[in-house]
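Read through the structure below, which is laid out as structure tokens, and then see the notes.
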Amino acid sequence: MSMNNVGRPTRPETANDAGGHETLTGGRGLLQDEALIFELNGWTKTGVDLPDAAAPSSDLAGLLRSEPIGLPGLSEPEAVRHYVRLSQKNHAIDLALYPLGSCTMKHNPRLNEKMARLPGFSDIHPLQPQSTVQGALQLMDRLAHWLKTLTGMPAVALSPKAGAHGELCGLLAIRAAHEAAGNGHRKTVLAPTSAHGTNPATAAFVGYTVVEIAQTEDGRVDLKDLEAKLGDHVAAIMVTNPNTCGLFERDVVEIARLTHAAGAYFYCDGANFNAIVGRVRPGDLGVDAMHINLHKTFSTPHGGGGPGAGPVVLSEALAPFAPTPWLVHDAGGFSLVEHAGEAGAETAFGRMSAFHGQMGMYVRAYAYMLSHGADGLRQVAEDAVLNANYVKARLKDVMSPAFPDGPCMHEALFDDSWLEGTGVTTLDFAKAMIDEGFHPMTMYFPLVVHGAMLIEPTETESKQELDRFIEALRALAGAAKAGDAERFKGAPFHAPLRRLDETLAARKPRLRWKPVAEAPLAAE
Amino acid sequence: MRYLPLTPEDRAEMLGVIGVKSIDDLFVDVPASARRDAPVDLPRFAGELDVEREMTALARRNRSAGEGPFFCGAGAYRHHVPATVDHIIQRSEFLTSYTPYQPEIAQGTLQVLFEFQTQVAALTGMEVANASLYDGSTGAAEAVMMAHRVTRRSKAVMSGGVHPHYVGAIETLAHAAGVETARMPAAIDAEDAVIAAIDADTACVVVQTPNVFGTVTDVTKIAEAAHAAGALLIVVTTEAVSYGLLKSPGEMGADIAVAEGQSIGNGLNFGGPYVGLFACKEKFVRQMPGRLCGETVDADGKRGFVLTLSTREQHIRRDKATSNICTNSGLCALAFSIHMSLLGEVGLRKLAGLNHQKALALRDALAAVPGYEILTPRFFNEFAVRVPGNAAELVETLASHGALFGVPFSRLDASAGMDDVLLVAATETTLDVDITFLTKLLTKVVGQ
């Protein structure tokens, strides 16, 4: 053994095979085992120093809480540790590739975070006099200008709070337009089977019946089927373009023509706008309404599941029905039309939510736009598409592309036919990717492809990182085909937890911690 | 371009591997008529310094709340958020992750959501809470839709104290789904008036406490009346700090409690992003909208958390889903949860007490100004005041003198005939000198 002069070993011992043993504490090196805040005995603690308050006014007698609430507190050092320990159990785009198809996990510039925290944006009230927030309204106006210019559409409703909320906004505008034209009987929405679940859910939510459109062999909308299903009962079609198979709808102009000829509107799900931004304007394709996920194309952080933002661009025909608030600009400056029915919003369908939308996201998205510029955004689309095609090209001999012919757009879709006979499923493969340090791709979506694996690398991955990812997938594919099923069936082995029992969670729902200790759940 | 790692050499090499000549070959499926050969007519890329200059110039054109006396509320409140909150939500692992679809590498987010759900359930006095919705107003609309599903009835009765923007969000969704809405006339202290409007078709009654005028109401009687008619009671709260002082919706018999959670952990941000709190009785859990996080075990029997009961949701049920919601308000929920964990029950009760105390001081000061009448009988940290003349004009005048006095009710509902009603709020951030400054200014303005 090699030692220094006080007897401290300076080289590792020859490896002994103790890697698999359980630790005594449950912690593993840098990874701490962390209890729930309710288990840290903080019932009398607080991490916020506040002066004592006087007793409440006697007006509130009988209206006060009499029972304990049941909330623990933590001192600041304890709170910081609690959340830092938890954070280390998360994968993140800042750590490694996060190729969730359709989710667009790209780098989130920190400048945008800094800008969103300027007090002039973060510390202004939505209802303070408009004369005191002219900069905020101007930012919204500029963001609107960029969105309209990039999409080639004449109007935009900024207020929807996420993509699905944008879909709702678009369909409500369509519904209002039909009703205004005496076409309220149109109650059907057509959407391809490959659509995001939000499309049929939104349509059904506003009282429309959803009819599926068939897909062609090459992953696009079947024009014949569309034509057959269009008619006087159809209010709108909802088509994602580029679609959820990662393909551009070649016949999109014809789709729009057929739709309009049938008196229906074309709602485009713009979740994948990042593939074409700066290169194609949806307005040139005949789209009537399209939401833009600012948290996808314009890189506002996904934050573990939101907040997002889903502005909707609208055609001339639909613009009059856009929800309030509505931004106007005249000689006196910028102002908001806040009530449907007021001048400037006579035919607005109503209000989507309180206040004016996701300002914090507007600031980040606008900073992102300014940073990239028109040229940079075009490069964003090109690099996103290039990266996806590169992944597809380098994996096509070991995995099975769902649509091998022709290029894909910003995401590469594989099916599970290449796993046939290996005993390994898409889920197993995904879990083995976790062991290799990558977040799995989107799995089992879109529904039109068996065992789907949808890989969206985004433009913010370097070639080196892509190669590392590709080599890992090739090695895993090789292992699956070589019969090394154990590597997959039990995976992940190296994550903070092993595979979780989702069936048990649904069968015996425990949705909160309870003060009276419950028996530990046991796997069934 | 600092955010794009590919070099021209990389691009050329990758095109070669793909087997195409140029990037245009990857866009061949785009119809020729829609291909653009040049960038659109917008500025070129800009360095960090230039972007920062432009953004800062825009930010400077806004009068931030912290710059001087500030008394705005009406659904968005200015509270002090501990520095720890903003530090932690900017950690890469929370900021740059997504919905926890792969639970083995998302236990951080999932455990936070489980803790958040428990905190929200405790605060509202309800049995279960979800992992957040966009904000309070969309939460209220979702609650009405949920009541429609649970009761299979198609009428929602709303009190005249519900925030008009919430009424708007509810009407938008309800009318689209064929649910009729009946809203009582705007009234400062008449939540009970909904009782007379409950009938056999009523799916739910929506009340708010503290209501938009700040009035605090014990809604127990309304709950009893709703339940007697087979309807659900939805209790809306726009100021979550009030939970620290007042009876919870659960204590008063609510079936669904909805709140705006912005006050805890989240800044004003000009109205968004905020975080919707949504809690209900356990028996309705399968009709709930939004994500739910639940406890389970892993293959080794260790406790862990997953998204659960997803058969309610759009990605599984599609047109049969309980809601179309996908992305919610995860990072704002995290901010809420961290702030709540720092406060604890001890801190929250103190914070709530301080808010109430500041509002009482503001009330006493305003009541002493000739011509100003306090309209709200019982309040937490916000109340309505009748001002001499038009409230919107008064607010503009005061803004030009450096004080943001409050929110004219006409800004929320222009048709209520309450042009002289102003909503004013005070929080722990309100200084005594701000109140003095305001009353001196009012005396001067009124005196002119």
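Worth pointing out:
- Hey, A:LEU100 of a type in the set (A, V, I, L, M) and over 19 Å from A:THR300 (Cβ atoms) or not: no
- Any chance B:THR238 is surrounded by 22 or more Cβ atoms within 10 Å (Cβ to Cβ) and either free of Cβ contacts under 8 Å to residues at least 60 places away in the same chain or in contact with a Pro (Cβ under 6 Å, 6 or more places away or on another chain) (or both): no
- Single unsatisfied condition, B:PHE336 versus (1) more than 7 Å from every other protein chain (Cβ to nearest Cβ); (2) surrounded by fewer than 24 Cβ atoms within 10 Å (Cβ to Cβ); (3) assigned to a helix (DSSP H, G or I): (2)
- Any hit, segment A:129-146, residues being charged (D, E, K, R) and at the interface with chain B (Cβ under 7 Å from one of its Cβ atoms): no
- Residue count for segment B:275-307 under the criterion of being farther than 18 Å from A:ARG498 by Cβ and not aromatic (Phe, Trp, Tyr): the result is 17.
- Residue that is touching a residue at least 12 places away in the same chain (Cβ under 8 Å) and either within 7 Å of chain A (Cβ to nearest Cβ) or among the hydrophobic types (A, V, I, L, M, F, W, C) (or both), where the choices are B:MET55, B:MET14, B:MET1: B:MET1
- Test: residue in segment A:440-459 that is under 30 Å from B:ASN130 (Cβ atoms), in a helix (DSSP H, G or I) and free of Cβ contacts under 8 Å to residues at least 24 places away in the same chain: no
- Residues in segment A:88-115 that are in a helix (DSSP H, G or I) and surrounded by fewer than 22 Cβ atoms within 10 Å (Cβ to Cβ): 4 in all.
To keep it simple, each residue is scored yes or no on (1) touching a residue at least 40 places away in the same chain (Cβ under 8 Å); (2) outside the structural domain of B:ASP189 (by TED's automatic domain parsing).
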residue: B:LYS320; (1), (2): no, no
residue: B:LEU351; (1), (2): yes, yes
residue: B:LEU360; (1), (2): no, yes
residue: B:ALA365; (1), (2): yes, yes
residue: B:PRO377; (1), (2): yes, yes
residue: B:ASP419; (1), (2): no, yes
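- Residues that are surrounded by 13 or more Cβ atoms within 10 Å (Cβ to Cβ) and assigned to a loop (DSSP other than H, G, I, E, B), drawn from segment A:39-60: A:LEU40, A:GLY42, A:TRP43, A:LYS45, A:THR46, A:GLY47, A:VAL48, A:LEU50, A:ALA53, A:PRO56, A:SER57
- Here A:TYR390 meets each of (1) among the hydroxyl-bearing types (Ser, Thr, Tyr); (2) in the same structural domain as A:GLN128 (by TED's automatic domain parsing); (3) assigned to a helix (DSSP H, G or I) with one exception, condition (2).
- Summed over segment B:364-381, the residues that are outside any loop (DSSP other than H, G, I, E, B) and surrounded by 20 or more Cβ atoms within 10 Å (Cβ to Cβ) give a count of 2.
- Check on B:ILE264, out of contact with any strand residue (DSSP E or B) (no Cβ under 8 Å at 6 or more places or on another chain), β-branched (Val, Ile, Thr) and surrounded by 23 or more Cβ atoms within 10 Å (Cβ to Cβ): yes
Residues are listed down the side, and each one gets a yes or a no for (1) charged (D, E, K, R); (2) within 9 Å of chain A (Cβ to nearest Cβ):
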site: B:GLY250; (1), (2): no, no
site: B:GLN262; (1), (2): no, no
site: B:LEU268; (1), (2): no, yes
site: B:CYS280; (1), (2): no, no
site: B:VAL285; (1), (2): no, yes
site: B:GLU295; (1), (2): yes, yes
site: B:GLY301; (1), (2): no, yes
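- Out of B:ASP41, B:ASP10, sole residue that is acidic (Asp, Glu) and loosely packed, with under 13 Cβ neighbours inside 10 Å: B:ASP41
- Of note, A:LEU497 satisfies the criterion of being at the interface with chain B (Cβ under 7 Å from one of its Cβ atoms) and closer than 30 Å to A:SER299 by Cβ.
- Qualifying positions in segment B:304-322 - crowded, with 18+ Cβ neighbours inside 10 Å and either β-branched (Val, Ile, Thr) or facing another protein chain (nearest Cβ under 7 Å) (or both): B:GLY304, B:VAL306, B:THR308, B:LEU309, B:GLN314, B:ARG318, B:ASP319, B:ALA321, B:THR322
- Residues in segment A:322-342 that are more than 12 Å from every other protein chain (Cβ to nearest Cβ) and among the hydrophobic types (A, V, I, L, M, F, W, C): A:ALA322, A:TRP326, A:LEU327, A:VAL328, A:ALA331.
- Within segment B:380-405, residues that are in the same structural domain as B:LYS350 (by TED's automatic domain parsing) and under 19 Å from A:ASP123 (Cα atoms) sit with their Cβ atoms under 7 Å from residues that are outside any loop (DSSP other than H, G, I, E, B) and of a type in the set (Phe, Trp, Tyr), at 6+ positions apart or across chains, in these pairs: B:ALA403/B:PHE437; B:LEU404/B:PHE70.
- Residue in segment B:137-153 that is modelled with pLDDT of 95 or more, in a helix (DSSP H, G or I), touching a His at 6+ places or on another chain (Cβ under 8 Å) and more than 30 Å from A:ARG499 (Cβ to Cβ) present: yes
- Selection status of B:GLY66, closer than 30 Å to B:THR439 by Cβ, surrounded by fewer than 16 Cβ atoms within 10 Å (Cβ to Cβ) and at the interface with chain A (Cβ under 7 Å from one of its Cβ atoms): yes
- Across segment A:384-424, the number of residues qualifying as touching a residue at least 24 places away in the same chain (Cβ under 8 Å) and farther than 15 Å from B:VAL17 by Cβ comes to 19.
The values are calculated or read from the model by the stated rules, or taken from the named source; none is laboratory data. The model shown is predicted, which means the values in this text are computed figures rather than measured ones. Virtual Cβ from ideal backbone geometry, glycine too; neighbours counted across all protein chains shown.
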